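Since the structure comes first, as structure tokens, the remarks are kept for the end.
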Amino acid sequence: MNSEQLSELVVEALDDLKAKDIVRLDVRDMTTVTDYMIIASGTSSRHVQALIDKVREQTTLAGHRAVGVEGEEGGEWVLLDLEDALVHVMLPSVREFYNLEKLWSLTPAGDRAAPDV
């Protein structure tokens, strides 16, 4: 399974359990850490945990095991590291505060247009 197929599987698993505002970012040109970042919101800490459990279950069945998980104890923001895809599931307030979509959508400094003088 390539990284694009993995990211599609993650999005489908999140959608199956009614995750909110699912975003898939292709970050291959920005970092060597991962190929895709998938960001979604859950409606409660229990929903966040259920979403992560579903993603972990579906990716394991497809033969792709997670290498790490962070934040399960709090349930406000859980990160699932699938190597080729990083899955962030958060409560809406946490997602709004950290705004990962904006952070990872920035263009590299060399690609910015020169300011008008």
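Listed values, structure above:
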item	result
Length-normalised contact order of the chain in % [C-alpha pairs under 8 Å, at least 6 apart]	26 percent
Restricting the range 1-101 to trypsin sites (Lys or Arg not before Pro) in coil, as DSSP defines it, with at most 10 other Cβ within 10 Å	Arg65
Cα long-axis angle, helix 45-61 against the chain (0 to 90 degrees, to the nearest 10)	90 degrees
Among Asp29, Asp21, Asp53: highest mean-square fluctuation, GNM of the chain, C-alpha pairs under 10 Å	Asp29
Normalised contact order of the range 26-82, rounded percent, pairs of Cα under 8 Å and 6 or more residues apart	26 percent
Using alpha-carbon coordinates, inclination of helix 3-16 to the longest axis of the chain, degrees	60 degrees
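Every number in this text was worked out from the coordinates using simple rules, so none of it is lab data. The structure displayed is predicted, hence computed values, not measured ones. Every residue, glycine among them, receives a Cβ derived from its backbone with ideal geometry; neighbour counts consider all protein chains shown.
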